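The values are calculated or read from the model by the stated rules, or taken from the named source; none is laboratory data. None of the values given here were measured: they were computed from a predicted structure. Reconstructed Cβ throughout: ideal geometry from the backbone, glycine too, with neighbour counts over all protein chains shown. Note: areas computed on protein heavy atoms with side chains; ligands, DNA, RNA excluded. Shrake-Rupley method; radii C 1.70, N 1.55, O 1.52, S 1.80 Å.
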Amino acid sequence: MRLFASAPPRRTTDRTHLVLAAVLLLVGGLLLALPDRAGAAADTLISQGRPATSSSVEDSTFGPEKAFDGNATTRWASAEGSDPQWIRVDLGASATVSRVKLVWEAAYAKAYRVEISADGTTWTRLATETAGNGGTDDWTGLTGTGRHLRVYGTARGTSYGYSLFTVEVYGTTSTTPPPTGAFTVVAAGDIAAQCTASSSSCAHPKTAALAQRIAPSFYLTMGDNQYDDARLTDFRNYYDKTWGAFKAQTRPVPGNHESYDPAGAFAGYKSYFGAIAYPQGKPYYSYDKGNWHFVALDSNTFDDAAQIQWLKDDLARNTKGCVAAYFHHPLYSSGGHGNDPVSKPVWQILHGAGTDLVLNGHDHHYERFAPQDPNGRATADGIVEIVGGMGGAEPYPIETVQPNSQKRISGPYGVLKLDLTDTTYTWQYVGTDDQVKDSGPTYTCH
């Protein structure tokens, strides 16, 4: 066990508790005589209830948030039989960490690292365990500063996975108030193929079940909700039997397949969703949640002057600190459809208004991009784009990797789990096997 600082951390195990109890009795007596010193010496718990993510979960009942909920009977559990695995917490602001307490379930880590990071990308080691035996590991005497802390398991102590009842992080945070108003959104595009759960290869029943297990505040769809021609009968026969279970909580946009309906462009889409998809009488609309402003657009009609003027007016009226837009056709994509220039004028408007996040479908894969401007130049004040077209339609291969593309996955079906606060956002791409396939960085809103 080593600390990359001037003094080594101390790890207290269950075997030392009796000795420590006697020492604490003596120290307690001294502190009664010096009450001011007692208050000064206490560590402060700074991790409870904070947003948490993990490399995987055994199933949805063992999510990473369970290790930070203050309940000693709930726990996080990773997928079984795989190394490495990790769990991390966003402390909400830069913090100086002095202590980390871990309470393992039977599935413990034989080897792991405790690490800290300012940005969730570059990690500094606080402590290392190479001969763990489970129980309680109480690391004290730590010295590290950052916003994100993770426990990174490299060797399991059993044939199972990793499981923690509790991760407690102690220290002091900066004077910056922690983010508030946290909520979760599930998003996906390219969803309901013409198949049902009776077929083992049918994916949209599985993505719908996953979306329900996550239990978000609401759901977004990024178009091509129903294949092939988005007829009303197809919506009723397929989409409605899976994603339709939470239709009332869904905020959809149309894709190109919704325009193929023989009864008229968007006829089935409009009949099925009704006012849910047309709350302002148009297939584009906006709404707020917490400190976020969401803009839902119809990228089939980006040449419609009325929609473009509405977008400019809507963004000018916005008073929220964070902005997300979603529509079907991505400006940038490494998939078969590739970059779609129809979206560039809209990106220019969104970028000028300080938009943080854009979500798209159309290409049937998952991809995330570093912040960039409408011309594809990487910039800190740029827009983060995510393609999330793995909701159930047949996957498309990655063809031409675009600049600023940071991660691409084609094959495993899944959904985006977006974790938002009043000032930040991050996300995971979760597969239908409940495994986290990718985790995005934590960004601060412009």
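Can you list residues whose amide H is under 5 Å from Leu220's amide H, if they're 5+ apart or on another chain and H is modeled 1.01 Å from N?
Sorted by chain and number, the residues that satisfy this are Val186, Ala187, Ala188, Arg251.
Give me a comma-separated list of calculated 3J(HN,Hα) values for the range 87-99, in order, Karplus coefficients 6.51, -1.76, 1.60 applied at θ = phi - 60°, integers in Hz, x for any Gly or Pro.
Result, ordered by residue: 9, 9, 10, 9, 6, x, 6, 4, 9, 9, 9, 10, 7 Hz.
What distance in nm separates the simple spin-label points at Thr124 and Thr158, each placed 7 Å from Cα in the Cβ direction?
So the label points at Thr124 and Thr158 sit 3.5 nm apart.
Counting only residues 5 or more places away or on other chains, whose amide H sits under 5 Å from the amide H of Phe302 once H atoms are built in the peptide plane?
Counting only residues 5 or more places away or on other chains, the set is empty.
With charges only on Cβ, +1 for K and R and -1 for D and E, what is the dipole size of the chain about its Cα centre, in debye, rounded to 20?
The dipole of the chain has a size of about 1220 debye.
Quick check on packing: order 211-219, 164-172, 330-338 by the mean number of other C-beta atoms within 10 Å, highest mean leading.
330-338, 164-172, 211-219
At 0.36 nm per residue, minus the direct Cα-Cα distance, what do Thr233 and Leu45 gain on full extension? Give it in nm, one decimal, please.
62.2 nm
Just list whichever of Lys241/Lys417; Lys344/Lys407; Lys344/Lys437; Lys101/Lys320; Lys66/Lys289; Lys66/Lys110 have alpha carbons separated by over 26 Å in the model shown.
Check vs 26 Å cut-off fails for Lys344/Lys437; Lys101/Lys320.
Ignoring any ligand, DNA or RNA, what whole percent of the accessible area of the range 295-375 comes from carbon and sulfur when the probe is 1.4 angstrom?
Carbon with sulfur: 50 percent of the solvent-accessible area.
Which value at 222 nm does the chain reach when only helices count, each DSSP H run of 4 or more adding -39,500 (n - 2.57), with the total divided by all residues and rounded to the nearest 500 deg cm²/dmol?
-4500 deg cm²/dmol
Over the range 266-372, what is the mean sequence separation of C-alpha contacts under 8 Å (at least six apart), divided by residue count, expressed as relative contact order in percent?
Reported relative contact order: 22 percent.
Output wanted: per-residue J couplings in Hz (rounded whole) for the range 369-377, from phi through Karplus 6.51 cos²θ - 1.76 cosθ + 1.60, θ = phi - 60°, x for Gly and Pro.
Values per residue, Gly and Pro as x: 10, 5, x, 8, 8, x, 8, x, 8 Hz.
Where does each of 71-82, 110-121, 351-362 land if you order them by average Cβ count within 10 Å, highest first?
351-362, 110-121, 71-82
Put +1 on the Cβ of every Lys and Arg and -1 on every Asp and Glu Cβ in the range 92-251; which of Phe165, Ala230, Thr207 then has its Cα farthest towards the positive end of the dipole?
Phe165
Need the C-alpha centroid separation for the range 259-317 versus the range 364-401, integer Å.
After rounding, the separation between the Cα centres reads 22 Å.
Can you work out ³J(HN,Hα) from phi for every residue in the range 326-337, in order, using Karplus 6.51 cos²θ - 1.76 cosθ + 1.60 and θ = phi - 60°, giving whole Hz and x for Gly and Pro?
9, 6, 7, 8, x, 5, 10, 7, 9, x, x, 6
Accessible area per residue for the chain in Å², computed with a 1.4 Å probe and the full protein assembly in place, what is it?
41
Calculate the FRET efficiency for Ser199 and Ala72 from the Cβ-Cβ distance with a Förster distance of 25 Å, rounded to the nearest 0.05.
0.05
Taking Cα centroids, how far is the range 116-147 from the range 332-361 in Å?
39
What does the charge dipole of the range 348-446 about its Cα centre add up to, to the nearest 20 debye, if the Cβ of each Lys and Arg holds +1 and the Cβ of each Asp and Glu holds -1?
Computed charge dipole of the range 348-446: roughly 140 debye.
Quick one: which of 381-387, 370-376, 251-257, 232-238 comes out on top by average Cβ neighbours within 10 Å, and what's the full order, highest first?
Packing order, densest peptide first, comes out as 251-257, 381-387, 232-238, 370-376.
For Ala79, what residues show an amide H to amide H distance below 5 Å, using hydrogens built from the backbone and excluding near sequence neighbours?
Residues meeting the criterion, in which the H sits 1.01 Å from N, are Ser56, Val57, Glu58.
Find the relative contact order for the range 88-162 and round it to a whole percent, using C-alpha pairs within less than 8 Å whose residues are 6+ positions apart.
46
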